Amino acid sequence: MKVVAITGEREVEVREVKKPVLGKNQVMMKVNGCALCTWEQRMYSGVIKYITPPFVGGHEVAGEIAEIGENVDPKAYPIGKKIVANLIKKPCGKCYFCRHGMENLCKMADDIDDGYEIPGTAGLGEYIKLNLDQVYFMPDDMPTEKAVFAEPLGCVIQSVNQTTINLGDNVVVIGGGIMGQLHVMCAKARGAYVIMSEIDPERRKLAEELGCDLTFNPMEEDAVQFVKDHTDGMGAEAVFNTTAVAAVAEQAIKMTAPGGTVVMYSSVHAGKEVPLDVGYVHSKGVKITGTKSPSVRSFTESVNCLRKGIIDPSRLVSGVFTPEQCKEAFETALRPDTFRCIIEYK
Ligand SMILES: [Zn+2]
Ligand SMILES: [Zn+2]
């Protein structure tokens, strides 16, 4: 089979490797498409140093059932059925987190790359083997370009689920990248009044087209004051910080309404510290939390939102590439004016 392998800093190529061997209780997914997430982009651009290439990767993946292993019911898992896979990791099921409904925080989670010729083989390979609990069904007419959003949308739903957004609440989304735009769509689906803080006018325009009620440029406005001015002086019941800028975190807390929740969505490099007005947090009862990866539940909710058309991520696709165009795909994905780039196997 083919894989798109990252082979060095800003080096990526198609390699021919052995197809994995299917085990009991597993299905083989023929990959139709895989989106290039920030993690893969960081691996390609050499920011991630703890893995030695060659490495395949790819976790925003959609495809179809190509083969079923022993013990798998062919009626329940028919060949050709469209599926998506929750494969960012396989929770252990035994640790504290797994047994408290927080399997996205499982410490023992393992990649399921055993038996692959190149380590880390996942969505950027032509075939992946899956355990049944990783398989989620999609309708037959679901385009690959939408189905690959199951994982990133699951991450955003996990974030939104940290808050209680009620009908008519105010929500602020900081940052209008792909994750910010998905937060806008989810908050609108929850019935909120949504404000976005974003420097780039194109991203603000897109947010408005996706339903955002109000956008502003934080370089031109005092962000905290702007939010207070447009929320009857209260601040927002939920604030999502999707930027990796540590300094923005402080603003995010100050624009949260008393009793509200602020979610630090983006991964900020560990060790970056921000000043925190603990007195403000104390007297206003502001809840500060973070979020990482989808849980089984939020992944399921994401699949439901996509298959029922509740969230349509089509506008966030910036390009579809063949495996042979992988270099162009990664370079395009790294550009700040793009959202998701997808590599599709025919
Ligand atoms: Zn991702
Ligand atoms: Zn666990």
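Could you check region 126-206 for strands (runs of 3 or more DSSP E) lying wholly inside it with 3 or more residues that are modelled with pLDDT of 95 or more, surrounded by 19 or more Cβ atoms within 10 Å (Cβ to Cβ) and hydrophobic (A, V, I, L, M, F, W, C)?
Here the list reads 170-174, 193-197.
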- Task: Only helices (runs of 4 or more DSSP H) wholly contained in region 230-346 count here; list those with 1 or more residues that are within 23 Å of Cys155 (Cβ to Cβ), in the same structural domain as Ile174 (by TED's automatic domain parsing) and touching a Leu at 6+ places or on another chain (Cβ under 9 Å).
- Result: 246-254
- If Thr289 passes every condition in (1) modelled with pLDDT of 95 or more; (2) hydroxyl-bearing (Ser, Thr, Tyr); (3) buried (at least 19 other Cβ atoms within 10 Å of the Cβ) but one, which one does it miss? (3)
- Message: Suppose we keep only residues that are among the charged types (D, E, K, R) and in a loop (DSSP other than H, G, I, E, B) within region 3-22. Which one would you say is nearest to Gly69 (Cα to Cα)?
- Response: Lys19
- Message: Looking at Ile65 and the list (1) within 21 Å of Glu301 (Cβ to Cβ); (2) touching a Pro at 6+ places or on another chain (Cβ under 7 Å); (3) not in a helix (DSSP H, G or I), which single condition is not satisfied?
- Response: (1)
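Among the residues of region 15-39 satisfying the criterion of being among the polar types (S, T, N, Q) and out of contact with any Phe, Trp or Tyr (no Cβ under 8 Å at 6 or more places or on another chain), which is surrounded by the most Cβ atoms within 10 Å (Cβ to Cβ)?
Ranking the qualifying residues of region 15-39, first place goes to Gln26.
With Gly120, Gly57, Gly101 as the choices, which residue is small (Gly, Ala, Ser) and within 16 Å of ligand 2 (Cβ to nearest atom)?
After ruling out the rest, the residue left standing is Gly101.
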- Message: Only one of Lys107, Lys75 is within 16 Å of ligand 2 (Cβ to nearest atom) and basic (Lys, Arg). Can you tell me which?
- Response: Lys107
- Query: How many residues does region 30-53 hold that are without any contact (Cβ under 8 Å) to a residue 60 or more places away in the chain and within 14 Å of ligand 1 (Cβ to nearest atom)?
  - Reply: 5
- Test Lys327 against the stated conditions and say whether it is loosely packed, with under 14 Cβ neighbours inside 10 Å, out of contact with any helix residue (DSSP H, G or I) (no Cβ under 8 Å at 6 or more places or on another chain) and not hydroxyl-bearing (Ser, Thr, Tyr). no
- Task: Of the conditions (1) buried (at least 22 other Cβ atoms within 10 Å of the Cβ); (2) within 23 Å of Lys146 (Cβ to Cβ); (3) modelled with pLDDT under 95, Met43 clears all except one; give me its number.
- Result: (2)
- Query: Is it true that some residue in region 246-260 is among the acidic types (Asp, Glu) and touching a Lys or Arg at 6+ places or on another chain (Cβ under 9 Å)?
  - Reply: no
- Residues of region 39-66 satisfying the condition of being touching a Cys at 6+ places or on another chain (Cβ under 6 Å) and within 17 Å of Glu328 (Cα to Cα): Gly58
- Among (1) more than 16 Å from ligand 2 (Cβ to nearest atom); (2) modelled with pLDDT under 95; (3) part of a loop (DSSP other than H, G, I, E, B), Ile88 falls short only on (1)
- Message: Going residue by residue through region 276-299, is there one that turns out to be under 17 Å from the mean Cα position of the chain (by Cα) and of a type in the set (D, E, K, R)?
- Response: yes
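For every residue, the table says whether it meets (1) assigned by TED's automatic domain parsing to the domain that holds Glu301; (2) not small (Gly, Ala, Ser).
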position: Asn131; (1), (2): yes, yes
position: Tyr136; (1), (2): yes, yes
position: Pro139; (1), (2): yes, yes
position: Pro143; (1), (2): yes, yes
position: Asn170; (1), (2): no, yes
position: Gly177; (1), (2): no, no
position: Leu182; (1), (2): no, yes
- Message: Is it the case, given these coordinates, that Met219 is under 22 Å from Val296 (Cα atoms), out of contact with any strand residue (DSSP E or B) (no Cβ under 8 Å at 6 or more places or on another chain) and away from ligand 1 (no atom under 16 Å from the Cβ)?
- Response: no
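The values are calculated or read from the model by the stated rules, or taken from the named source; none is laboratory data. As the structure is a prediction and not an experimental result, all values here were calculated from the model. Ideal geometry is used to build each Cβ from the backbone, glycine not excepted, and the neighbour counts take in all protein chains shown.
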